[in-house]
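Presented below is the structure to which this report refers.
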Amino acid sequence: MKINNKKLTHLKKLEAESIHIMREVVAEFDNPGMLYSVGKDSSVMLHLAQKAFFPAPPPFPLAHVDTTWKFKEMIAFRDRRAKEVGMELFVHINQEGKDMGVSPFTHGSAMHTDIMKTQGLRQALDKYQFDAVFGGARRDEEKSRAKERIYSFRDKNHRWDPKNQRPELWDTYNGRHQKGESIRVFPLSNWTELDIWQYIYLENIKIPDLYFAKERPVVEYGGTKIMVDDDRMPEELRKTAKMEKVRFRTLGCYPLTGAVASNAETLPEIIQEMLLTKVSERQGRLIDHDESGSMEKKKIEGYF
Amino acid sequence: MAVEQNTLIESDIEAYLNQHENKELLRFITCGSVDDGKSTLIGRLLHDSKMIFEDQLAAINKDSKKHGTTGETVDLALLVDGLQSEREQGITIDVAYRFFATDKRKFIIADTPGHEQYTRNMATGASTADLSIILIDARHGVQTQTKRHSYISNLLGINNIVIAVNKMDLVDFSEARFNEIKEEYNAFATELGIENPIFIPVSALTGDNVVTASENMAWFSGPPLMELLDTIPLTDMTDLEHFRLPVQYVNRPHLDFRGFCGSIAAGTIQKGDAITVLPSFKTSTVKQVIQPASSLEEMEVDSAFAPMAVTLTMEDEIDISRGDMIVKSSDIPEMADALEVMLVWMDEKAMKPNSDYLIKRATNVITGRFTQIDHKVNINTLEKHDANLLELNEIAQCQLSLNRMISFDPYTSIKGTGSFIVIDKYTNATLAAGMILRKLEGDSSLKNQRVYSDFEKELNALVRTQFPEWQCKSIDEL
């Protein structure tokens, strides 16, 4: 990106803000970690971390909460990226949930998400004892996110108290906490979906292929199309699979991630499609729709 | 119309992306009191600029029936009232951030609550804003909250003030009423030192003068709100003259590299510039200016400017750590450990003079205390009062005494080096926002702090050991 007349474009301003946040965390916390979810936002966050500490690798580990139901391609991408960047990668699976055989198909999205994702995340945070955790959430994603601070305080039980957030002024962040408490840090708070895509395009950031349209085997499930990623999908459902040209606007657990019919095979095409579409990004996610205010509730319980 | 056009997106996405890449960022705050229609105004901006997706609209259609206050029509305010707890009460509690873009600019709105008890949240939103939209209900005119919002916007250094006179539909779109309010506000603005506020008559509910020019108010010759936001010259308040780099982090990946990272608070820096490190006054020369980069080839640049996040390396091996300030040797800022400041108190627990607090200013965290409240400001009347305590949402001019010298600039010159937050040493809560006015002449920290003799210290120790039930304080803790 070019720099003209001592004025930064909005993307350069956002980049500077995110880097400022990351450096501040590394300077002030004992044991920060980055929650890496493999998606496009995580990819941007990782790229910014590289830039913030270059020529050193980012001085903290990546952590991934593996629900065991992520797309296979996401897992391969995750392992490859961590190696390339030279960062340590911690992977946590809720073993209890795995032993119980928790599945989005049999237990439903709410229970699966609660056990494998929310509880899995809490276990991971207890295990790794991070005092600050970077997350890739953006304020434009969802209503309760719009009110979250960049430094979001969590008590010993990882709970968020929306009515009692610390005032956050200028770029002066208060990261002080007692032992056991922690701060979730959202360096991408002020980025929008378009900013993320544009930055990926300009900076040539690697993202999983699942974002690009391709012929993939999909089935109708829960009012949307999902991809057949392995044979844990019930057989009667798998039998209905058809090859369709689809892509994903967000990435998560494959049974909970709706595919959209698309011809977008390049980044400009993806951006074009995104701008012309009339449906917001989170629609593809089955977990927010249970009831209004459901994200607020999940966040209070410790969800990211 | 200023709204983002879909045509370029469809016909030439690369050209569109190029345009979007070069957009300016405008951050603004919206303030109004309960029932001024602020949420409706923002909902209208987002809705009419086509930033609302179909599924979101469907969700609010459903919610309108449950919580809405507009009867049959879709309640646009529900687009922006986020939290369940807020919807139940029908008011906004916390700052919410919203985003939209036009052909020229990208906008971040800090939607702040209007009620007096949320003054702290308004200050939070105002701290990062370039422009403030203050709503006035056309039926009620200038209210005490209008004054409060104006005062805080001004205090936090927002130079562009837009007065949106809302609910014009309820006063028959009357030009006379609009002019009356304008006059009333101007009288007050002059007193505050607000220069050239901009007035727009609108109706958020009907959309008049929000995105499209109002047919009902042909007498108004100015642009509608959206066009104004799109075209108002951005008086960039970033100081590019006085270089200040608060050192955030020292990057030492190996023995041959020692980079000093930070976000430039003001000014510009070039390779070869002579610098001084404060407060140690050690000097060196800039060897490399490093921009955010992910490869060695693109890492070095000749110069950098505020508000870039950079890394500097020096020709000499000198000791520089987090909390230090790098400045140009030709332009050294003032140093002080006693300052006159403005404080916005944000905690239920009142500020007590001479209690110890943590002061975080840029990358410094220093113990300090407020030795005196010069005066408290009644922001509804602008009257000044004496005070012994500073309570939640109150604003005062105080004297701050720090345990260490810092280099600083007045807030009105450089925000990054002239602002601070106050943190509770024990609960870690953020207690207040502070803005440095000037150095306190004659060093009050000594004036107000009594110096005890050795005899007095011994007596104190004796009392503490012999009569613990008196609960006598140690002199060292005073």
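The values are calculated or read from the model by the stated rules, or taken from the named source; none is laboratory data. Please read these numbers as outputs of a predicted model, since none were measured by experiment. Cβ coordinates were reconstructed from backbone atoms using ideal geometry, including for glycine residues, and neighbour counts include every protein chain displayed. Each accessible area value is taken on the protein alone, full model and side chains, heavy atoms only, with ligands, DNA and RNA left out. Shrake-Rupley method; radii C 1.70, N 1.55, O 1.52, S 1.80 Å.
Could you tell me the total accessible area buried at the B-A interface, probe 1.4 Å, in square angstrom to the nearest hundred?
Counting protein atoms only, the buried area is about 7200 Å².
At a probe radius of 1.4 Å, what is the per-residue accessible area of A:Tyr201, in Å² to the nearest 10?
About 70 Å², ignoring ligands and nucleic acids.
Any idea what angle helix B:54-67 forms with the longest principal axis of chain B, computed on alpha-carbon atoms, 0 to 90 degrees, nearest 10?
So the inclination is approximately 90 degrees.
Evaluate 2.2 N^0.38 Å with N set to the residue count of region B:319-478, then give the Cα radius of gyration divided by it.
1.17
At most 14 other Cβ atoms within 10 Å and a DSSP loop assignment: could you name the GluC sites (Glu not before Pro) in region A:73-159 that fit? Please report the intermediate quantities before stating the final value.
Working: sites: A:Glu73, A:Glu84, A:Glu88, A:Glu96, A:Glu141, A:Glu142, A:Glu148; in loops: A:Glu88, A:Glu141, A:Glu142, A:Glu148.
Passing sites in region A:73-159 are A:Glu88.
Using only DSSP helix segments of four residues or longer, with each worth -39500 (n - 2.57), what per-residue ellipticity at 222 nm results for chain A after dividing by its residue count and rounding to 500?
-10000 deg cm²/dmol
In region B:114-201, what percentage of the DSSP-assigned beta bridges are antiparallel, given to the nearest 5?
Roughly 0 percent of the DSSP beta bridges within region B:114-201 come out antiparallel.
What is the Cα convex hull volume of region B:166-286 when expressed per residue in Å³?
On the way: hull volume 23.5 nm³, N = 121.
Once divided by residue count, the hull of region B:166-286 is 194 Å³.
If ligands, DNA and RNA are left out, what is the accessible area of A:His64 with a 1.4 Å probe, given in Å² to the nearest 10?
10
What is chain B by shape, rounded, prolate or oblate, if you read a ≥ b ≥ c off the alpha carbon gyration tensor as root eigenvalues and call it rounded for a/c under 1.5, prolate for a/b larger than b/c, and oblate otherwise?
It is oblate, given that a/c is not under 1.5 and a/b is not larger than b/c.
Rounded to two decimals, what is Rg over Rh for the protein assembly as shown when you use alpha-carbon atoms and the Kirkwood radius?
Rounded to two decimals, Rg over Rh is 0.97.
Counting helices only, and only those DSSP H runs with n ≥ 4, report the 222 nm mean residue ellipticity of chain B as the sum of -39,500 (n - 2.57) divided by its residues, in deg cm²/dmol to the nearest 500. Don't skip to the answer; put the middle values down first.
Values: 13 runs with 117 residues, N = 478.
Rounded to the nearest 500, it is -7000 deg cm²/dmol.
Beyond 26 Å, what share of the Cα-Cα pairs of chain A is found? Please give it as a whole percent.
So the pairs more than 26 Å apart make up 45 percent of the total in chain A.
Roll a 1.4 Å probe over the protein heavy atoms and report the accessible area of A:Cys253 in Å², nearest 10.
Solvent-accessible area, nearest 10 Å²: 10 Å².
I want to check the label-to-label distance for B:Tyr426 and B:Glu183. Put each point 7 Å from Cα in the C-beta direction and report it in nm to one decimal.
Computed distance between label sites B:Tyr426 and B:Glu183 equals 5.6 nm.
So if I take the alpha carbon set of region B:225-284, get Rg, then get Rh from the Kirkwood formula, what is the Rg over Rh ratio?
1.19
Run the numbers on chain A and let me know its relative contact order in percent, using alpha-carbon pairs under 8 Å that are six or more apart.
Contact order relative to length: 20 percent.
Write down the accessible area per residue of the protein assembly as shown in Å², having rolled a 1.4 Å probe over the full set of protein chains. Please list the in-between numbers first.
Details: 31770 Å² over 782 residues.
Using a 1.4 Å probe on heavy atoms only, each residue of the protein assembly as shown averages 41 Å².
Using only the alpha carbons, work out the radius of gyration and Dmax of region B:253-350 in angstrom.
Spelled out, the Cα radius of gyration and Dmax of region B:253-350 are 16.3, 54 Å.
Can you count the Lys pairs in region A:28-110 with C-alpha separation below 22 Å, eight or more apart or on different chains?
The result is 9.
Would you mind telling me which residue in A:Gln123, A:Gln50, A:Gln95 has the biggest mean-square fluctuation in a Gaussian network model of chain A, where springs connect alpha carbons within a distance under 10 angstrom?
It is A:Gln95.
Quick one: work out the % antiparallel among DSSP beta bridges in chain A, nearest 5.
In chain A, DSSP labels about 65 percent of beta bridges as antiparallel.
Of the beta bridges DSSP finds with both residues in region A:93-215, what % are antiparallel, to the nearest 5?
Around 60 percent antiparallel, to the nearest 5.
Between the DSSP loop rule and a limit of at most 16 other Cβ atoms within 10 Å, which trypsin sites (Lys or Arg not before Pro) in region A:146-189 are left?
Hits after loop and neighbour filter: A:Lys156, A:Arg159, A:Lys179.
How big is the Kirkwood radius of region A:62-181, worked out from every pair of different alpha carbons and given in Å to one decimal? Walk me through the numbers before you get to the answer.
On the way: mean 1/r = 0.0607 Å⁻¹.
Answer for region A:62-181: a Kirkwood hydrodynamic radius of 16.5 Å.
Where is the GNM fluctuation largest for chain A (alpha-carbon springs, 10 angstrom cutoff): A:Glu193, A:Glu28, A:Glu244?
With Cα springs under 10 Å in chain A, the top fluctuation among A:Glu193, A:Glu28, A:Glu244 is at A:Glu28.
In whole Hz and in residue order, list the ³J(HN,Hα) couplings for region B:254-264 that follow from phi through the Karplus curve 6.51 cos²θ - 1.76 cosθ + 1.60, θ = phi - 60°; x for Gly and Pro.
Coupling constants for region B:254-264: 8, 4, 8, 10, 9, x, 9, 9, x, 9, 5 Hz.
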